[in-house]
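Below: one structure, written as structure tokens.
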Amino acid sequence: MSARTVWGGFVSFLAVGCPVCNQAVVALVGTSGALSWWAPVQPVVGLLAIALLVHALRRRLETHDLAACPVPV
């Protein structure tokens, strides 16, 4: 696993669900911080998570040798 995959997974974990239901966010910023600070930022964090995971997938596919299993003619 690359660092991009781990960070993408962690950020996507933080981006899902309602701000108050996400226990990690509530532990980090509290209930009022989750509602006033995290809720408006949550869609941007979700897009960042998707971008990180797509980037990690593209890098993984670039290094994958597609000629490993040749198709018989």
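Things to note:
- Computed over segment 3-63, Kirkwood Rh from alpha-carbon pairs, angstrom: 12.0
- Modelled spin labels at Val16 and Ser32, positioned 7 Å past Cα toward Cβ, are 3.1 nm from each other.
- The value of relative contact order for segment 3-63, using C-alpha pairs under 8 Å at least six residues apart, is 48 percent.
Each reported figure results from applying straightforward, stated rules to the coordinates on display, with no laboratory input. All values reported here derive from a predicted model rather than from experimental measurement. As a convention, Cβ positions derive from the backbone with ideal geometry for all residues, glycine included, and neighbour counts pool all protein chains shown.
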